[in-house]
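I have placed the structure first, in the form of structure tokens, so that the comments after it can refer back to it.
Each value in this text was obtained by applying a stated rule to the coordinates, not by laboratory testing. Quick caveat, the model's predicted, so the values are computed rather than measured.
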Amino acid sequence: MRAYLAEFLSDPLVVELPRLLWLPILYGIVLRKRPAQSAEKYQLVWTPEGSPLAVHTSRQTTLLASHMEKHAGESVDVRYAMRYGQPSILSVFREMDDPLIVPLYPQYSRSTTETVCRLLPQGTRTVRDFHDHAGYIGALATSVRRHWEANGRADKLLMSFHGLPQRAVDRGDPYRSNASRPLRCSRAASAWSRASTSSRSSRASERRNGCSPIPSRR
């Protein structure tokens, strides 16, 4: 736990403070208390198979490979890696031949997607974001509909996103504006017609263009 938190919280894109200020705080205070506190919380969600994140990501990998083979008519080598922890991105990357990297963050942000991109060699094919892709929007809509069919439809739907420091928004990080796209696109996909509420750290800016295909970066 301590090694994971040290790698995560020492990433300059995650905590954008001067290193001379932040690292003494991290190693002198945070990493002395946080590991034990985090371990207690993880125990509440741990499964007999292990970490829920690792378990579900592994299953997702298997299902995606099966889906690609069934619908694309060819076998595709699909693997997963962790930005922090194991299996590491670079260890898996070195085992593959010219892979397409898909960071599993629908919305681009410097503190998530960009941390992955900076690990990879220049020229690596990478999906930048997919927050407004029709397939992702359709999956959200399907999830909402299934829940309503099983549990009844509520008057409001709350969509919650991770917060982002205002200073990051002021510097041009697009996460906040990207976060509002699924709400508008899902409405367009007729996922719901009643009132919906979007919860974010601050109000998102508007974009008028429609849902776009997945972009890739070289």
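The table that follows gives values for the structure above.
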item	result
Anchor LYS41: lysines whose Cα lies under 30 Å away (excluding residues fewer than 8 positions away in-chain)	LYS33, LYS156
J(HN,Hα) series, region 170-177, from Karplus relation 6.51 cos²θ - 1.76 cosθ + 1.60, nearest Hz, glycine and proline x	4, 7, x, 4, x, 3, 4, 5
Whether region 76-182 is rounded, prolate or oblate, judged on the alpha carbon gyration tensor where a/c under 1.5 counts as rounded	oblate
Under 5 Å, built H, 5+ apart or other chain: amide partners of ILE101	ARG125, THR126, VAL127
Whole-Hz ³J(HN,Hα) from phi, Karplus 6.51 cos²θ - 1.76 cosθ + 1.60, for region 68-74, glycine and proline x	4, 5, 6, 9, 9, x, 8
Cα gyration tensor, region 5-128 - rounded (a/c under 1.5), prolate or oblate	oblate
